[in-house]
Ligand SMILES: [Zn+2]
């Protein structure tokens with residue numbers, strides 16, 4: 001698959017396929033979006049929001065959650081806010097998210113089945129990492145978005161003038177519903 005992608009890429013550049021995408025690193029809508037890596041949202045989310053190249057900083061991970069207050073999500077948001085002019089943040093969960101109901105214990109069993117040594121898992125655990133939590137999912141997308149928005153708003157390093165709000169997107173229609181605070 002990667003070979004095919006490399007081949008496509010060469011032609012894309014040769015044919016100047018990039019021309020409609022030319023823009024700057026500064027988000028025109030002064031917006032950052034934290035959302036899920038779900039494949040259904042790749043094109044649907046920007047299309048349903050009317051966002052095009054250059055409009056917003058989009059930060060993605062499994063579930064679109066903060067994961068850790070000093071992890072890559074907050075770091076990325078702070079770069080967007082402090083360096084690139086972001087003034088508003090949208091946290092967007094979505095229906096039928098794979099992270100909903102995910103079980104940390106099951107993930108650990110899967111790791112062992114994939115050949116990861118139980119000893120390595122124990123070493124990580126003994127270094128103080130709660131693996132079940134880290135690999136676990138959330139119970140409902142509403143509460144996850146709510147908690148993420150709350151966590152970002154209350155974060156000690158988050159400038160208070162940044163507007164942060166939460167939404168759920170329908171993974172098929174793209175319909176956005178606001179999550180009440
Ligand atoms: Zn998801």
Positions within the stretch 46-105 being in contact with a helix residue (DSSP H, G or I) (Cβ under 9 Å, 6 or more places away or on another chain), more than 16 Å from the ligand (Cβ to nearest atom) and free of Cβ contacts under 8 Å to residues at least 60 places away in the same chain, in sequence order: 51, 52, 53, 54, 55, 56, 57, 68, 104, 105
Residue satisfying condition, being farther than 22 Å from residue 152 by Cα and surrounded by 15 or more Cβ atoms within 10 Å (Cβ to Cβ), within set 31, 108, 45: 108
Verdict on residue 39 being within 12 Å of the ligand (Cβ to nearest atom) and part of a loop (DSSP other than H, G, I, E, B): yes
Selection from the stretch 67-88 of residues that are in contact with a strand residue (DSSP E or B) (Cβ under 6 Å, 6 or more places away or on another chain) and more than 26 Å from residue 130 (Cα to Cα): 80, 86, 88
Qualifying residue in the stretch 52-66 (condition: under 22 Å from residue 141 (Cα atoms) and either surrounded by fewer than 16 Cβ atoms within 10 Å (Cβ to Cβ) or out of contact with any strand residue (DSSP E or B) (no Cβ under 9 Å at 6 or more places or on another chain) (or both)): yes
Residue within the stretch 148-162 that is within 16 Å of the ligand (Cβ to nearest atom), closer than 22 Å to residue 68 by Cβ and in contact with a strand residue (DSSP E or B) (Cβ under 8 Å, 6 or more places away or on another chain) present: yes
Yes/no for residue 141 being under 18 Å from the mean Cα position of the chain (by Cα) and within 16 Å of the ligand (Cβ to nearest atom): yes
Some residue of the stretch 19-28 being within 14 Å of the ligand (Cβ to nearest atom) and not in a loop (DSSP other than H, G, I, E, B): no
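Coordinate-derived values only; no laboratory data. Computed from a predicted model, the values in this text were never measured in an experiment. Please note: Cβ atoms are built from the backbone with ideal geometry, for glycine as well, and neighbour counts cover all protein chains shown.
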